[in-house]
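Only the coordinates and a few stated rules stand behind these numbers; no lab work does. From a predicted model like this one, the values you see are computed outputs, not experimental measurements.
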Amino acid sequence: MSDSIKKYEEMMEAGGYVSDSTFNHIPKDPIVEDVVRTIRARSREGIQKYGTTLYDSPDGFYNFLNHLQEELMDGILYIEKIKQQK
């Protein structure tokens, strides 16, 4: 038996995972569920703050690239801060 199948069976037996109602045989990953909740909350905050969804945002291609670049630069700074806290 492969390691992934063994891990799947262990997860199902342990009952620590919630089954997806669409695919009852596939367990939900609690980490993924946490990230999905965070993304949904962030979306609500963004809609309230900017008055639009990302989908309907009038910002153009280069504005989105600039936003992404700024977020990635922030991420690099956070990584460096964490590394220095050893």
### Expected-Rg normalisation [2.2 N^0.38 Å, Cα atoms] applied to region 43-86
1.55
### Query
On full extension of the chain, what length is gained from L72 through S57, given 0.36 nm per residue of separation minus the C-alpha to C-alpha distance?
3.4 nm
